[in-house]
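The values are calculated or read from the model by the stated rules, or taken from the named source; none is laboratory data. Since we're looking at a predicted model, the values are computed, not measured. Every residue, glycine as well, gets a Cβ built from its backbone with ideal geometry; the counts of neighbours run over all protein chains shown.
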Amino acid sequence: MTRLPNVSAASLPAPRAQVLEAKPELLAAVSGRASTDDLDRLSYARDLWPLALLWIRQGRIPPPPDAVVWPGSEDEVAQVIKLARRRKLAVIPYGSGSGVCGGTWAINGGVTMDLKRFDTIHEVDPVHRSVEVGAGVLGETLERRLNARGWTLGHFPSSIACSTVGGWLAARSAGQFSSKYGKIEDMVLSARVVLGTGEPLQTPERPFSGPDLMPLLVGSEGTLCAFTGAKLRVFPAPKGRVFHGFEFGSVVKGLEAIRLIFREGLRPAVVRLYDPFDTAFVGKGKATKKPSVPPSERSLLQTSALPAFLRQVTKRTLGRPTVMNKLQSAFSRSRLILMFEGDPARAEAEDRAATALCRQLGGDDLGEAPGRAWFKKRYDVSYRMSRLIESGTFADTMEIAAPWEKVHHVYERVHAAASQFAFVLCHFSHAYADGCSLYFSFVGSADTEEEMEERYQQLWRAALPAAISAGGNVSHHHGVGLLKAQALQDSLGEGRHALRSVKGVFDPDGVMNPGKLGL
């Protein structure tokens with residue numbers, strides 16, 4: 001088993017003097033729920049950005065906050081922000097830390113504001129099909145509560161067990177069923193926030209005439225406001241669900257099938273097309289799997305010899321990504337998974353129509369088994385990161401979107417740019433009438449930790465510009481954070497001045513989550 005360096009609270013820099021001076025006021029503002037303890041600061045020093053995992057493996061700690069607070073009311077949130085303005089302290093709104101772009105790193109120190117005490121879930125309004133919830137509610141908790149009453153939000157990000165409603169809104173989240181239910185911005189009817197001025201705001205409920213503030217706030221990643229609650233659309237829990245799998249002779253044929261499905265007005269809840277190598281190693285997952293063995297029951301071979309062997313194999317293979325990626329030319333077939341849900345008769349009718357389209361394009365009908373296998377294991381990939389880290393690698397994902405006429409070009413350009421630094425896989429999902437998301441997975445290695453971090457940085461410096469120059473966007477649903485901040489600013493062009501003007505109005509002293517989105 002890989003032994004991580006000794007990363008401890010004792011390694012932290014001391015809290016800044018201005019925060020220690022403000023601590024009595026912080027305690028008063030949040031009814032005593034504030035801490036400058038090193039262990040708390042260490043716990044909030046990072047999110048799940050893979051760069052942080054690389055740093056921790058080296059014994060380094062991402063920049064920690066000077067203090068952590070746990071407000072329990074909008075008034076307490078407002079008091080913290082007003083105090084931060086007076087004292088010139090940064091404020092970092094925090095959900096559950098599941099982001100992967102450095103969105104909660106305290107690059108200027110300051111105060112991390114954990115909002116999980118906003119955990120209220122009201123009763124569903126069956127007439128308006130909506131529910132009011134607190135920003136700190138965990139996704140899985142909300143979905144289970146809705147299911148028990150016959151409803152669903154339809155929002156299933158891979159992080160559903162460890163992400164919050166506020167985090168979804170802040171990062172413009174998308175779930176696995178977004179092709180039917182939409183992204184989080186399509187589900188929110190109104191939101192409650194506290195602006196960087198310290199003033200609370202409730203947005204008008206949609207539909208609304210006149211300028212809509214919601215698109216400015218959703219996706220702002222804590223740079224304009226802190227979300228405290230929202231009214232969300234809900235849907236009747238589906239009574240029917242139909243799965244289907246197809247295999248095409250090329251990625252191009254698979255993409256054309258998806259495009260035609262959506263242009264014909266069909267709306268599968270799930271659509272996932274795996275590229276040839278992903279089809280060979282990921283898309284063909286079986287519905288059953290062996291039970292896991294607890295670490296305490298593993299043999300010496302499993303805990304020591306095998307991981308050591310895998311680390312050596314990793315360096316010899318993933319450390320030479322160009323060679324590994326060339327092997328992909330031996331594969332050509334791409335697997336498509338579809339799932340329709342809702343009224344049983346309608347789901348079956350849409351499946352029949354989609355099946356006809358796929359067969360017309362030469363797709364081999366694989367029946368329902370591939371779809372059911374994916375559904376059973378749909379969250380597993382999120383929990384495999386630790387195994388990759390233990391094997392001495394780095395791993396990351398890049399999700400972008402592009403219009404149909406550019407999707408394949410973006411795929412080829414990113415693959416070519418990233419292949420010299422990492423092993424590259426991709427699947428296409430989150431489809432729309434005008435395009436879809438491309439979800440790249442990168443896995444790489446190097447001889448030393450320092451070389452690995454440099455290769456990771458080179459990967460992103462090559463892959464993201466390649467996507468953008470080929471017609472893709474900066475991000476589809478993981479957010480921007482620090483990782484993509486400069487790319488976002490560059491892509492906005494003259495629009496960046498408008499964004500900075502909004503920042504000046506909503507956060508005049510620049511205390512809200514500095515550095516994220518390039519602000």
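Remarks
- In the range 226-246, the residues that are touching a Lys or Arg at 6+ places or on another chain (Cβ under 8 Å) and among the basic types (Lys, Arg): ARG233
- Hits in the range 487-502 - residues which are of a type in the set (Gly, Ala, Ser) and more than 24 Å from GLU399 (Cα to Cα): ALA498, SER501
- Flag if THR2 is at pLDDT below 95 and among the β-branched types (Val, Ile, Thr): yes
- Those residues of the range 189-198 which are crowded, with 23+ Cβ neighbours inside 10 Å and not small (Gly, Ala, Ser), in sequence order: VAL193, VAL194
- Taken as a whole, the structure leaves PRO24 outside the set of residues that are more than 29 Å from SER391 (Cα to Cα), at pLDDT below 95 and surrounded by fewer than 17 Cβ atoms within 10 Å (Cβ to Cβ).
- Note on the range 452-490: residues that are at pLDDT below 95 and farther than 21 Å from ALA416 by Cα amount to 0.
- Each residue in the range 394-420 was checked for being farther than 20 Å from THR279 by Cβ and out of contact with any strand residue (DSSP E or B) (no Cβ under 6 Å at 6 or more places or on another chain), and 6 pass.
- Flag if SER329 is farther than 30 Å from ALA349 by Cα, at pLDDT 65 or above, among the small types (Gly, Ala, Ser) and part of a helix (DSSP H, G or I): yes
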